Amino acid sequence: MASIKVKFRPSTVSGREGTVYFQITHARTVKLLFTRYFIFSEEWNSEKSMVMTMPDGSKRVDSLSAIRQKIRWDIEQLTRIIHQFEHDGLDYTAGDIIDEFKRYQNEGKLSNFMQKLIAEKNCRQQHRTAEIYKASLRRFKAFLFEVGEGNDILLYQITPRLIESYETWLYNRGVSPNTSSFYIRPLRATYNRAVESGYIQDCNPFRHVYKGVDKTEKRAVSVQILRKIKDLELTKEPGLDYARDMFMLSLMMRGMSIVDMAFLRKRDLVDGYIIYRRSKTGQRLVIEWLPEMQAIINKYPENPTQYLLPILTKPNINQLNAYRNQASKINRNLKEIAGRVGLKMNLTLYTARHSWASLARSQGVAISVISQGMGHDSEKTTKIYLAELDNSIIDSANREIISVL
């Protein structure tokens, strides 16, 4: 069984910091693993082979405490590697232990692991989810940098204390519980994936932070407001007219998200039905293509690209950036439209999704039908009802909703 010892090598230059390193011994072979933890000679306890705790108030107390914690994490990781080698019954050397540790130091970084998941999401056309993961990683790295952890950590360094500190950090910056949960959930999903992949053992670091979604202010608008939006005379204002058309299309297509609308392909329209998978969940949805939808599309030149709707119309450009720009322009113009119809609340493309659900409910459509119509798959209580639900029921409900506009 290999052994691990923590050692300190003083600097040969007087007054400079020395280096902490690990001595790995196995089968009478000794290998040294140098770290990037630098301390002064007086901060090292040679009898106990550990970094000394400095008195409270010392300028070095925080940095030394952090080094002590990182040394503990490294020892835990080295120990896990040794135990795994022993468990697998493999012949290994002290050098193998160090090589595996260095490999993990690279692949086991949060940002590297999360970037792989982001790439997977994009490959599966789950672009919106990939964007959420990117936003979550950027926010967490900003937190790490501010608290002195650099801009990255290893997966096994994600602890309950760190995540609780992150939640407090977000709260102190005026972030609401829902938004905090928005940033934390992708981190939890990444951590769980790392556990499944065998990179780390689960210490349940997210158990004490909020990960739900509270009810927010009302986002749906009334049918009267929707009729006003639909009837606005905007022929001389093409930007506003286009924003209104995309809003109405989203509403008619059961609150389809802008990212799914943008990446709908012409081949997704088959025999009078749109057949696609939600980018957020991968769930397959089928929507009847109605004359009201076609009437909006007919206002615009045929899209020269593979996409169906007039959102991504230029080939050979970065489609993700183009989608973001279009969504931003549409939402800016929707704010202007909100003022035109006397709407006090903010009007965005997401309002169309809430409004479809609200309209469906007001028309007496069952909640189970609404859930499947919108592609919700997170409520266990609705899944039982949705298992044998005929899609024609949803199409009928959608026709009723469009008829009242």
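The values are calculated or read from the model by the stated rules, or taken from the named source; none is laboratory data. Keep in mind it's a predicted model, so treat the numbers as computed, not measured. Don't worry about glycine lacking a Cβ; one is built from the backbone with ideal geometry, like all the others, and counts go over all protein chains shown. These area figures cover heavy atoms from the full protein model, side chains too; ligands, DNA and RNA do not enter into them. Shrake-Rupley method; radii C 1.70, N 1.55, O 1.52, S 1.80 Å.
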Find the residue count for segment 135-150, including only residues that are surrounded by 15 or more Cβ atoms within 10 Å (Cβ to Cβ) and closer than 29 Å to ARG324 by Cβ. 7
When TYR323 is evaluated against the numbered criteria (1) modelled with pLDDT under 85; (2) surrounded by 20 or more Cβ atoms within 10 Å (Cβ to Cβ); (3) of a type in the set (Ser, Thr, Tyr), which criterion, by number, is the only one it fails? (1)
State which residue is most open to solvent (accessible area, probe 1.4 Å) when the search covers only segment 115-128 and only residues that are over 24 Å from ARG207 (Cβ atoms) and touching a helix residue (DSSP H, G or I) at 6+ places or on another chain (Cβ under 7 Å). ARG128
Considering every residue within segment 234-244, establish whether at least one is outside any helix (DSSP H, G or I), of a type in the set (Val, Ile, Thr) and more than 18 Å from ASN333 (Cα to Cα). no
Name the single residue, out of those in segment 44-64 being hydroxyl-bearing (Ser, Thr, Tyr) and at pLDDT below 85, that is surrounded by the most Cβ atoms within 10 Å (Cβ to Cβ). SER63
From the list ILE4, ILE39, ILE24, which one is in contact with a Leu (Cβ under 9 Å, 6 or more places away or on another chain), modelled with pLDDT of 95 or more, aliphatic (A, V, I, L, M) and closer than 30 Å to VAL147 by Cα? ILE4
Condition test on ILE132, is it assigned to a helix (DSSP H, G or I), over 12 Å from the mean Cα position of the chain (by Cα) and not polar (S, T, N, Q)? no
Going through segment 53-106 in order, the residues found to be of a type in the set (Lys, Arg) and farther than 16 Å from ILE24 by Cβ are LYS59, ARG60, ARG68, LYS70, ARG72
Segment 277-309 - residue that is in contact (Cβ under 8 Å) with a residue 60 or more places away in the chain and in a loop (DSSP other than H, G, I, E, B) and, of those, surrounded by the most Cβ atoms within 10 Å (Cβ to Cβ): LEU309
Taking segment 83-114 and the residues there that are in a loop (DSSP other than H, G, I, E, B) and open to solvent by less than 60 Å² (accessible area, probe 1.4 Å), the one that is farthest from ARG193 (Cα to Cα) would be TYR92
